[in-house]
Structures are given as structure tokens and as C-alpha cells.
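What follows is a single structure, written as C-alpha cells, with notes after it.
The values are calculated or read from the model by the stated rules, or taken from the named source; none is laboratory data. These numbers were taken from a predicted model, which means no experiment stands behind them. Counting neighbours? That spans all protein chains shown, and the Cβs are built from the backbone with ideal geometry, glycine included.
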Amino acid sequence: MTKRSVTIRDVARYALVSTATVSRVLNDDDRVAQATRDKVHEAMDRLGYKVNFVARSLKTSRTKTIGIMAPDLSGDYFMYIAESMDRELQANGYSLVVCVSHDSIEEEAKRLRHLAERLVDGVVMIPATDRGAHFAFLKDCGIPVVCVDRMVKDIGVDTVLTENEEGAYEATSALIKDGCARIGFIGGKPEISTSIERFSGYKRAMEEAGLPIEEEFVRFGPPTLPFGYHAMEEMVKREDSPDAWFLVNAFTHIGATNYLLTEGGTRAARTVFAAFDEMPYSPLLRFCRYSVQQPIAELGKTAARLIINRIREPEESAAQIIRLKTRLIRHAARQ
């Protein structure tokens, strides 16, 4: 004999509340008192009630899922953001669907279509470019978007960033105060807002100190380990290359470090770095004197809260940009 499924009516009867109250609890209605919520959840646990998410999403037009679009998941930084988001979303009854764009606009557009077809309630993006026209269709689908870490120029969406320019300015200024008069720069893609802003901070520090920016020792490209390795290789092979460098992120930092450790020869002994992204392994990176710590957990938490607010109140306010402060860390090993 087949066992009958537990229904909302069974839960309501056990908890001594109405079926409407049980429904409100299932839909996270703030009007339900916490004591009543606890009674309903206890009844669900005791009776073994299982929510039919498919039926529920068809009825409410909500799936309680949020899509996150990241350029890659091979490094710690984007994973830490996703992890922080997941904790905040889970506490509010949402789950994550993760997609990777591989830093490709075409792939990003394709994956966003996939997320829309999955009926996600919202999307948090670390965009592949500073243009957003290819995901404007999400608004027509009623799916709000929040950008984190990177900004888009041509579409108004809530955005959470760090103080990229100020962080780069402080790190470069610290090298200058230490007596470094020539500082090279290894950056990211010139169309990405983080790369643009960090170069602006580096440039401001150099100009304020009256130091020249030597264009032959400035490189932009994909902020990856191979790019960091080859950019450093190309530039330090010149006898007149600087001994101090600003590096745009952890990937280029590791790549440049790898080159100097394996092929740098005597140049390695006098080289110092200032780099974005303080990570648990930063003190182990031999040439790192300064690193810029980003509030990664706060980035993810803030993005999660913004997307939840947009889902609940789509037209509540105009798109906002929130910037979080960075912190400069000095590593004693590279005094």
C-alpha cells in the first residue's frame, strides 16, 4: 500500500494554524510571527513534510534560486565571493546556480540565456566586459541583475565594488615611500573596470611623486598566471627594467613570481612587488612586500542582499553603486 504524502493541511492541523499561515511561512512572509514560524517548521519536521519545489515555482513564479556568473572558478577570489553569497542566500531560503563565462562575452550571453530558461529569480554577475547590452534582456524577463567586483557602463544595475583606485594608490605610494623611484605595472584587460581603476591609482601615485611612468614597462592583458609570467619575462630581460612592480591581481602576481623564481637569476634578489589580493598564501610569495586586501566576504554578502532586495522590491530605488574599502598589508619577509 502506497504511503500518503503529507500535505499542507496535515501541517496546519498539527501546528494548530490555518493552511494560509503555513503557506505564508513557506513563502517567507515577514508578517508571520517568529513563534508561529517555529511551530510550523516543527510540524513539518515531525510529519516529514517535503516541499514540492516544482509545483511551488509554477504557482508562485519563484524558484528561490539565484544565478551567479563568474569569469572562472579556478582561483580563490571568485570562489570566496560565491561562498560568501551562498551563506547569505541560504539564510534567506535561496540556493545558487553557478555558471562560468571563461571571460567571453559570447559564452556569458549563452549562459545567461540558460539561467533565464531555468527561471532563476535573479542573477549576480562578475561581468566579462564593461558593456552590458547583451544581458539587457534579463530585465524584460523580470530577472534583476547585480554586478560585483566589476562595473558595466551602458546599463544601470546595482553594483558592489572595492575601492580599486585608492587601494592601488596606497600600495604604489608605499613603494615610493620605501625609496622605489621606478615602478613597473602589470595590469588586466584594459576594458575591465578593475584594471582601469587600479591603473588610475598607480598613475596618480606616480604623478604626485613626480615620477615618470615608463610605458615600456607597463603591460595590459588577461589577468592570468601565464600572462603574469610572460609579461614579467619580457620586461625584466631588459637590463634597464625596474626592480619594483605593481601587479593587478593574485593571478598575475603568482605568474610573475614563478618567472622570477625559475628564470630571474640575480634580478630576483632585489625585486619587490605590491599587488592586489591579499590571500592566505600571500606571505609565501617571495617578492611580495605589500598586498591590497579586499573585503571579499563583504562583497559577496552585500551582493546577495542587494539581489534579494531587488527580487522583493524590483522598483524600490534607482540603481546604486556601493564601494567597500581595502586594506594595505605589509609583509615582513620583504623589508
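Tabulated results
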quantity: The range 201-229, residues that are part of a helix (DSSP H, G or I), in contact (Cβ under 8 Å) with a residue 24 or more places away in the chain and crowded, with 16+ Cβ neighbours inside 10 Å; calculated: Gly201, Tyr202, Arg204, Ala205, Met206, Phe217, Leu225, Phe227, Gly228, Tyr229
quantity: Counted residues, the range 140-169 - those being in a loop (DSSP other than H, G, I, E, B) and touching a Cys at 6+ places or on another chain (Cβ under 6 Å); calculated: 1
quantity: Criterion violated by Thr302 - all others in (1) of a type in the set (S, T, N, Q); (2) at pLDDT 95 or above; (3) within 25 Å of Phe227 (Cα to Cα) satisfied; calculated: (3)
quantity: From the options Thr302, Thr262, residue that is part of a helix (DSSP H, G or I) and buried (at least 17 other Cβ atoms within 10 Å of the Cβ); calculated: Thr302
quantity: Within the range 265-283, tally of residues that are part of a helix (DSSP H, G or I) and among the aromatic types (Phe, Trp, Tyr); calculated: 0
quantity: Candidates Glu313, Glu278 - the one that is free of Cβ contacts under 8 Å to residues at least 24 places away in the same chain and more than 24 Å from Arg182 (Cβ to Cβ); calculated: Glu313
quantity: Complete set of residues in the range 209-265 that are farther than 14 Å from Gly187 by Cα and in contact with a Phe, Trp or Tyr (Cβ under 7 Å, 6 or more places away or on another chain); calculated: Glu233, Ser241, Pro242, Thr257, Asn258, Tyr259, Leu260
quantity: Residue under evaluation Cys180, criteria (1) within 30 Å of Ser104 (Cα to Cα); (2) modelled with pLDDT of 95 or more; (3) crowded, with 19+ Cβ neighbours inside 10 Å, criterion not met; calculated: (1)
quantity: Residue match in the range 238-245 (condition: modelled with pLDDT of 90 or more, assigned to a helix (DSSP H, G or I) and either under 16 Å from the mean Cα position of the chain (by Cα) or among the small types (Gly, Ala, Ser) (or both)); calculated: no
quantity: Where a residue in the range 174-200 is in the same structural domain as Trp245 (by TED's automatic domain parsing) and its partner, wherever it lies, is hydrophobic (A, V, I, L, M, F, W, C) and modelled with pLDDT under 95, with Cβ under 6 Å and at least six apart; calculated: Ser193/Met151
quantity: Identity of the residue in the range 278-317, within 12 Å of the chain's Cα centre (by Cα) and among the charged types (D, E, K, R), that ends up farthest from Val97 (Cα to Cα); calculated: Glu298
quantity: Among the residues listed as Leu115, Leu96, Leu119, Leu89, the single one being in a loop (DSSP other than H, G, I, E, B) and either under 16 Å from Ile307 (Cβ atoms) or at pLDDT 95 or above (or both); calculated: Leu119
quantity: Filter pass, Arg289 being of a type outside the set (Asp, Glu), within 22 Å of Ile213 (Cα to Cα) and surrounded by fewer than 20 Cβ atoms within 10 Å (Cβ to Cβ); calculated: no
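Table: residues versus (1) in the same structural domain as Glu88 (by TED's automatic domain parsing); (2) surrounded by 10 or more Cβ atoms within 10 Å (Cβ to Cβ); (3) at pLDDT 85 or above; (4) assigned to a helix (DSSP H, G or I).
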site: Arg13; (1), (2), (3), (4): no, yes, yes, yes
site: Arg24; (1), (2), (3), (4): no, yes, no, yes
site: Asp30; (1), (2), (3), (4): no, no, no, no
site: Ala35; (1), (2), (3), (4): no, no, yes, yes
site: Asp38; (1), (2), (3), (4): no, yes, yes, yes
site: Glu42; (1), (2), (3), (4): no, yes, yes, yes
site: Arg56; (1), (2), (3), (4): no, yes, no, yes
